[in-house]
Amino acid sequence: MSFIGLDEIMIIVVISLVILGPSKTFQAAFYIGTLFGKAKNYAVMIQKELGLEDQKKSINNVVSDFSGALKDPLVSKVPVHTDKRMWTVKKEDFSVQKQDTSLNEENSSNENDLLKRLNDLEKELASIKAAINEVHAQSRVKNG
């Protein structure tokens, strides 16, 4: 993304030809070009020292993974976590009909464990959804 277009460069060259003359215009252009080249090399060197290229690549990989996950119909329907229960899963879905009454206590503890795990999964999925939305919002700001 350049900040100066071809027409602006042509205007600058014509004005410098009139003011400086042909020989000094090309010397000035060469000097400005070497300054820009040195500045670019310096910026690349700093990026390599700080490891920004690796971070950019890893961020791009994460964004592409999240965008692919958002296109998945199962993930796109995950609700943002609220205090209200958003799932339609019931205890009866996980219960197994036992014939022995001594196993009912163990079954209820297993059901409680399953419900706790489901709540934890809801929270984790909601946080992932929020992170995905935040990454998309940041990428829209950068691209837009």
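Worth a mention:
- Compared with the alpha-carbon gap, the fully stretched path from Glu111 to Gln27 is longer by 22.1 nm at 0.36 nm per residue.
- Taking label positions 7 Å along the Cα-Cβ direction at both Ser139 and Asp54, the computed distance is 2.3 nm, reported to one decimal.
Each reported figure results from applying straightforward, stated rules to the coordinates on display, with no laboratory input. Note that this is a predicted model, so its numbers are computed, not measured. FYI the Cβ positions are ideal-geometry reconstructions off the backbone, even for glycines, and counts take in every protein chain you see.
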